[in-house]
Ligand SMILES: Cc1ncc(COP(=O)(O)O)c(C=O)c1O
């Protein structure tokens, strides 16, 4: 990374250089890992693509129809910043029923990402520390830095479980937030009730705000548990539509949390995202009718694909048992780094993501099984062949 040393006033008149105007905070965000994989993908013909972080099915028809009807009915204008009342109120009731919370605030978001950002912007001061497990979803590391806050990844290798003593050891007087992501991207691990209780106890003891990213809650191949039920109004609960209903391009999610914090997030949304897309909000009303959209067959399908990935790769790879999402995070065989391994995989037409995109370590790789059975079978064959080649 080359620091920006040029500021506008140092540029002589008539020598406008946009590259010299880039802020330090933008320069400090390194997107090269993922970008490299996508650049490589563009060069391959018919790649075995196991790198995709979104479902391989399409948005269910009733949701599409509802969005189309909303657009035709002129629901194309700004909505209230916090979202449309018809959606907020049922969501608030559902959060209360699920968590036992009494009076949470609810904010409809332009995707869960917006909730991660607004939650941080509403609560973190420069120097405040944010703890999360390593491997992590990339935003957890980069967004605190935009505010001058300090990301504190806590190693969860080799089992990717929540180790309370490691979290305790990372806490300082500046720790303000603990981020949990269950089921997890990139490991697929879902936290058990005991792990959630341990995290809740730590949060209570140290007065931490928990940001609970539950975007993969529908893809949990066992009962999904949320820390929200253990921490009444001490967490920002983030839910999304992107993964559950394959609506990644529609940009819709919601946050529930303490009213004082949700009010500040709403104020910040007013000056950033303004509101979540109106047709997507109206389309989400379709999901309030029980039984209108049933995703069970897709979840069952992904459970089967998870099982196939584990059975297909475990002879050659040390692979954790993902409980949810649609990712596995196998260890690279032999002594290669994950980056070296991914370069070799790409040379064999397979696209996966090196672990250092999600971690301080470069020892594992993320593969997504949100892919067709055909792609998964081709991927298993190619990855096993590569592991045999590496073993020599
Ligand atoms: C853990 C996690 N949180 C949040 C997001 C962002 O989702 P959204 O599309 O709702 O902004 C993703 C997307 O990949 C994710 O993996």
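No value in this document is a laboratory result; all are computed from the given coordinates. Not measured: the values here are computed from a predicted model. Reconstructed Cβ throughout: ideal geometry from the backbone, glycine too, with neighbour counts over all protein chains shown.
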**Study point:** Most to least packed among 343-352, 90-99, 40-49 [average Cβ atoms within 10 Å]
**Key:** 343-352, 90-99, 40-49
Review point. Classify the chain: rounded, prolate or oblate, from the alpha-carbon gyration tensor (a ≥ b ≥ c, eigenvalue square roots; a/c under 1.5 rounded; otherwise prolate if a/b is larger than b/c)?
Key: rounded
Check your understanding: Based on the alpha-carbon gyration tensor of region 63-288 and its eigenvalue square roots a ≥ b ≥ c, which shape applies: rounded if a/c is under 1.5, prolate if not and a/b is larger than b/c, or oblate?
Key -> prolate
Review point. In region 63-288, what % of DSSP beta bridges are antiparallel (nearest 5)?
Key: 35
Revision key, fill the gap. Quick calc: nm separation of the 7 Å Cα→Cβ label points for residue 300 and residue 142 -> 3.8
Check your understanding: Which FRET efficiency value, to the nearest 0.05, is calculated for residue 19 and residue 385 with the Förster distance at 56 angstrom and r the Cβ-Cβ distance?
Key -> 0.85
**Study point:** Efficiency of FRET between residue 89 and residue 29 - r from beta-carbon atoms, R0 30 angstrom, step 0.05
**Key:** 0.20
Study note, to complete from the structure: Across 10 Å bins beginning at 0, the whole-percent shares of Cα-Cα pair distances in region 1-131 come to 8, 18, 25, 27, 17, 4, 0
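On a full-extension model of 0.36 nm per residue, what is the gain between residue 192 and residue 78, subtracting their alpha-carbon distance, rounded to one decimal in nm?
Length difference between fully extended and current span is 37.0 nm.
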Practice item. Provide the gained length on full extension for the span residue 46 to residue 201, in nm with one decimal, where the gain is 0.36 nm per separating residue minus the Cα-Cα distance. Key: 50.9 nm
Revision key, fill the gap. Between residue 103 and residue 172, the two model label points (7 Å from Cα along the beta-carbon direction) sit apart by a distance in nm of 3.7
Exercise for review: Please find the FRET efficiency linking residue 69 to residue 39, where r is the Cβ-Cβ separation and R0 is fixed at 51 Å, and quote it to the nearest 0.05.
Suggested key: 0.80
